[in-house]
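Working notes, beginning with the structure itself.
Each reported figure results from applying straightforward, stated rules to the coordinates on display, with no laboratory input. If you're wondering where the values come from, they're calculated on a predicted model, not measured in any experiment. Ideal geometry is used to build each Cβ from the backbone, glycine not excepted, and the neighbour counts take in all protein chains shown.
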Amino acid sequence: MLIIAGLGNPGSKYAAHRHNIGFMAADEIVRRHSFGPWKNKFNAEISDGKLDGEKVLVVKPQTFMNESGQAVGEILRFYKEDLSNLVVIYDELDLPAAKLRIKTGGGSGGHNGIKSIDAHCGKEYRRMRLGIGHPGIREKVTGHVLGDFAKADKEWLDKLLHAIADNAALLVNGKDSSFMNKVTLDINEKSEEPKSKAKAKSHIRQARSTKLKDAPKSGPMADMLKKLFGDKDDK
């Protein structure tokens, strides 16, 4: 059974923090794939369902970030699951916003939630890092991480969370590289779509403008063009 643990801090006052992007990803997977209702168990909120026909447990530790490993370790022991069946989703300060990386093992990068899981469970689990960007100077890091996402972040954040949920089934089969590629492609496609539409609209307007500019001002041809394209003086 695959266990997906999204990291964050419990409580409404932390809900929109950048540090809680792991919780947000967990919520979107549960919502998108119609998993069961959240239940309080093992010092965590858990929800189960199926991805690609396989049972999956989604977990949100309620121990606060610094003790995430307490809840995750208890769940692993109860279900007797190997570390290779654990995927942990969390925020990454040193990745640009909307970027995603996933790998097995490695260091904590100073992330307290990951330090706790390493201490309670070991290190050989799959780590999904979601970029939240860096504020630029060290003095602003704490406020950035423990601050709410800005309104300007909503567009890329929604695309990222939706892409993760849409492609989550690839994680069941250990296709981490395919998962990263698909998420990136989905985000880029959704970002380019509005630009393409705007560009097409611009071409239509340009063609209309050019034809009207070069068209005769009176006579049968002018009347026909006015019917096709409208009178540029019309309001």
TODO: Determine which single condition S84 fails, assuming it passes every other condition in (1) among the small types (G, A, S); (2) in contact (Cβ under 8 Å) with a residue 40 or more places away in the chain; (3) assigned to a loop (DSSP other than H, G, I, E, B); (4) under 25 Å from N173 (Cβ atoms).
DONE: (3)
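Counting just the residues of region 1-35 that are farther than 29 Å from A150 by Cβ and either of a type in the set (D, E) or touching a helix residue (DSSP H, G or I) at 6+ places or on another chain (Cβ under 8 Å) (or both), which one comes out surrounded by the fewest Cβ atoms within 10 Å (Cβ to Cβ)? Reasoning before the result, please.
Here is the first cut: in region 1-35, the residues farther than 29 Å from A150 by Cβ are 1-3, 34-35.
Imposing the further condition that a residue be either of a type in the set (D, E) or touching a helix residue (DSSP H, G or I) at 6+ places or on another chain (Cβ under 8 Å) (or both) reduces the set to 1-3, 35.
Details: M1: 12, L2: 22, I3: 21, F35: 19.
In this case the residue turns out to be M1.
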- [ ] Could you list all residues from region 130-145 that are outside any loop (DSSP other than H, G, I, E, B) and farther than 14 Å from N20 by Cα?
- [x] R138, E139, K140, V141
